[in-house]
Amino acid sequence: MSRRPLTLAAALLASASFVLTACGGGGDSPKGSGGIPGADQGKKQSASPSASPMADPNAKDRPKLKTDAGFKAIFEAWSSKDRTKNEVLLDGKYQVLAVNSAIFKQDAKAPELSFYNSGPALESARDWVGKFKKEKQSLVGEIRYHKPRVEILAKNYASLIYCSDESKGFSKEIDTGKKIVTPVSEKSYVKYVTGMQKNSSGVWVTNSLSSKRGECKP
């Protein structure tokens, strides 16, 4: 495995396999970006409606998510007046945060991964976290997630489409704290399309996720 940078958020292809690309370029080691649960989510974030039963990622029966002061996720306009769409948005957000939480824990079998992912998506998420662990790397900086759009495809099935600005998100060496900076380019801006299914516990679980770099503008 080379020592070039990768992104955390460059998630799954349509076949639900993680793609390994950098914040500003390509590579095959975990030196990229992603979100972190519980971090400062910025003034631009829309408040989640209090009526939603899924507003708290650490609520009873949900796995706790690890945070880190050195990384923040900004979820901009991440809510909907429609209750179902809002639940999809919330669990789509927590899927991103769960993968980052597992990276902070350096644990490819962290319970939050299987809580918010299933099937090939879960297998790929575990593999991705394992790469960070092998390289002894974590996350630093910030990622902005914006322009979310939810489409209800059928009962208990939905698609969540959103953009991310990864120009300020990087990985860092755990032992030294060194930030691995990658150059900003059009590839720093990514469009995501996720497939989600509501399970018997009422959680919208991600089972597929594709990404396309250069599709979203900052």
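The values are calculated or read from the model by the stated rules, or taken from the named source; none is laboratory data. A quick note: this is a predicted structure, and the numbers were derived from the prediction, not measured. We place every Cβ from the backbone using ideal geometry, glycine too, and count neighbours over all the protein chains shown. Ligands, DNA and RNA are stripped out before the accessible areas are found, and what is left, the full protein with its side chains, is counted by its heavy atoms. Shrake-Rupley method; radii C 1.70, N 1.55, O 1.52, S 1.80 Å.
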Original post:
Which one is surrounded by the fewest Cβ atoms within 10 Å (Cβ to Cβ), of the residues in the range 108-125 that are of a type outside the set (A, V, I, L, M) and closer than 16 Å to LYS66 by Cβ?
Top reply: LYS109
Original post:
If the Cβ limit is 7 Å and pairs must be 6+ apart or interchain, which residue in the range 156-172 that is within 27 Å of LYS133 (Cα to Cα) and in contact (Cβ under 8 Å) with a residue 24 or more places away in the chain pairs with which residue that is among the basic types (Lys, Arg) and surrounded by fewer than 16 Cβ atoms within 10 Å (Cβ to Cβ)?
Top reply: CYS163/LYS147; PHE170/LYS179; LYS172/LYS178; LYS172/LYS179
Original post:
Does the range 90-107 contain any residue that is open to solvent by less than 30 Å² (accessible area, probe 1.4 Å), of a type in the set (Asp, Glu) and touching a strand residue (DSSP E or B) at 6+ places or on another chain (Cβ under 6 Å)?
Top reply: yes
Original post:
Tell me, which residue of the range 175-218 that is of a type in the set (Gly, Ala, Ser) and in contact with an Asp or Glu (Cβ under 7 Å, 6 or more places away or on another chain) is most open to solvent (accessible area, probe 1.4 Å)?
Top reply: GLY214
